[in-house]
Structure formats: structure tokens, C-alpha cells
Amino acid sequence: MKDYRIVFEKKGISRYISHLDLNRCMIRAVRRSGLPAWYTEGFHPHLYLMFPLALSLGLESVCEIMDLRLTEELPSKEILDKLNSVLPSGLHALEVREPKMSAMDITGAEYQVRIFCPDADALSLWNDFISQPEILIQKKTKKGMKEINIKSMITIRNINRQEEDLLLTLCLPAGTDGSLNVTVVTDAFQNYADKPILVKSACRTKIFSGNQQDFF
């Protein structure tokens with residue numbers, strides 16, 4: 001018995017597959033691939049799969065993670081080939097690694113965002129937005145709606161302008177200690193701008209552990 005960490009991308013039409021449906025899709029794919037998957041024991045055995053960090057619906061990613069347990073050790077290439085032969089369009093296994101950290105070690109994620117701002121200086125508009133003393137949003141809790149300040153949660157890794165597009169690389173908290181969805185940031189920017197703004201794409205590019213190293 002051996003555990004493997006599969007790094008895969010979720011792009012194109014597959015970005016509209018929910019996390020629950022992704023789990024079902026991967027279970028079917030593993031079964032169809034012929035990989036010697038390990039199943040739990042008992043009256044209702046199920047295939048062992050685990051996704052350390054869920055991806056919000058509509059986002060793309062090049063660094064999704066699935067932990068898989070097999071009953072025997074196989075070469076990485078064989079695992080990738082078998083999985084990719086049965087995965088649907090937009091899902092593609094990129095590499096196989098040995099799990100060294102748990103989901104509890106995840107603290108952040110990096111996103112690349114492309115925003116179309118046809119009627120404004122996108123860079124100046126963003127600088128005005130992020131320079132606010134506070135960036136307040138409404139968050140739903142068990143006790144109702146709560147206003148929180150997300151400014152300190154946003155780290156800008158890179159920013160530039162390409163014609164009428166604003167290209168952002170953002171690092172946001174993620175994991176069991178709390179997460180900030182990148183769409184919350186883009187929605188707050190759209191509300192602030194009060195101008196026609198279109199989020200063309202948003203892609204998760206990295207997942208970090210507590211020491212800001214890649215979580216793999």
C-alpha cells in the first residue's frame with residue numbers, strides 16, 4: 001500500500017465542475033483507469049481520495065492536488081498515463097509526488113487574475129482601491145452577516161497593465177485557519193470602481209505551506 005499526491009490542472013470547461021462533482025469525477029476516472037486503488041473496509045467500502053484544498057466554482061487552477069492510495073507501488077509515468085487516458089476535457093494530471101505535508105500545513109494560495117477595464121486607467125483604479133484605509137466586505141456567518149476588513153489579507157506579488165487589461169498576481173490566505181476567495185477581492189474591486197469591469201480569468205497558480213514554500 002502506498003500513498004501518492006497527484007498534481008493536476010482544472011481549466012476550460014472543467015472550471016464549472018463543483019468540488020463535489022470533481023470528487024465523483026475522479027472516483028470514476030480512477031476506477032476506469034485500472035489503477036490498483038485501495039478501498040476502505042467494512043459494509044460500504046469506498047475508494048480513498050482526498051483533496052487538501054477545494055477550488056471555488058468558476059476558477060481555473062494549474063496546481064490542484066489529489067491524494068490517492070494504491071495497493072501497490074507504480075512508476076509515476078504509469079499513474080499519469082492511466083489517469084490522463086480517462087480524464088475529461090480540462091482535467092489533466094501533471095505530476096506525481098510523495099505526500100510530505102498534510103492539509104493542516106496549507107496557509108495560502110497564489111492567483112493570477114486578468115481584469116478588463118475598457119473605460120478607465122485600470123492600474124490607477126486598482127492603486128486607488130488597494131490604498132484605501134480599509135476594504136470592507138459583508139461575510140455570512142452563523143450569526144448572520146458580518147462586516148470584515150480584508151485589506152491586510154491581500155498580498156500583491158505582481159501587477160502590470162496590458163493594453164486595457166489589468167494583470168494581477170495575488171497571494172491570499174487559505175487553509176484550515178481561514179481562507180479568502182479571490183472572487184471576494186475582485187467583487188470588492190468591481191464595487192469600488194463603479195465602472196464597467198470584467199474579470200476575464202482567475203487561476204490558482206500555487207499553494208503554500210506555513211513557510212511560504214510550495215505545498216507538494
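For the range 106-124, does any single residue satisfy the condition of being more than 17 Å from Lys200 (Cβ to Cβ), in contact (Cβ under 8 Å) with a residue 40 or more places away in the chain and among the aliphatic types (A, V, I, L, M)? Yes, that holds for at least one residue. Total residues in the range 99-116 satisfying the condition of being within 17 Å of Asp187 (Cα to Cα) and either touching a Pro at 6+ places or on another chain (Cβ under 9 Å) or hydroxyl-bearing (Ser, Thr, Tyr) (or both): the figure is 2. Report yes if Phe51 is of a type in the set (Phe, Trp, Tyr), surrounded by 15 or more Cβ atoms within 10 Å (Cβ to Cβ) and without any contact (Cβ under 8 Å) to a residue 60 or more places away in the chain, otherwise no. Answer is yes for this residue. Exactly one residue among Leu35, Leu74 is surrounded by fewer than 18 Cβ atoms within 10 Å (Cβ to Cβ), part of a loop (DSSP other than H, G, I, E, B) and of a type outside the set (Phe, Trp, Tyr), and that residue is Leu74.
For Ser201, are the conditions met, namely being among the hydroxyl-bearing types (Ser, Thr, Tyr), closer than 22 Å to Tyr16 by Cβ and part of a strand (DSSP E or B)? Here the answer is yes, as Ser201 does meet what is asked.
Within the range 86-145, being at pLDDT 90 or above, β-branched (Val, Ile, Thr) and in a strand (DSSP E or B) holds for Val96, Ile106, Thr107, Val113, Ile115, Ile137. In the range 146-171, what residues are modelled with pLDDT under 85 and in contact with a Cys (Cβ under 9 Å, 6 or more places away or on another chain)? Scanning the range 146-171 gives a single hit, Glu164. Taking the range 38-64 as the range and being outside any loop (DSSP other than H, G, I, E, B), at pLDDT 95 or above and of a type outside the set (Val, Ile, Thr) as the test, the residues that pass are Glu60, Ser61, Cys63, Glu64.
Residues that are in a strand (DSSP E or B), under 13 Å from Ala109 (Cα atoms) and either without any contact (Cβ under 8 Å) to a residue 12 or more places away in the chain or under 16 Å from the mean Cα position of the chain (by Cα) (or both) within the range 156-190 comprise Thr169, Leu170, Cys171, Leu172, Pro173, listed in sequence order. Look at (1) β-branched (Val, Ile, Thr); (2) more than 20 Å from the chain's Cα centre (by Cα); (3) farther than 20 Å from Ala193 by Cα and you find that Ile137 fails only one, number (3). The residues of the range 55-71 that are out of contact with any Ser or Thr (no Cβ under 9 Å at 6 or more places or on another chain) and more than 14 Å from Glu98 (Cα to Cα), listed by number, are Glu64, Thr71.
The values are calculated or read from the model by the stated rules, or taken from the named source; none is laboratory data. None of the values given here were measured: they were computed from a predicted structure. In this analysis, Cβ positions are derived from the backbone assuming ideal geometry, glycine residues included, and neighbour counts consider all displayed protein chains.
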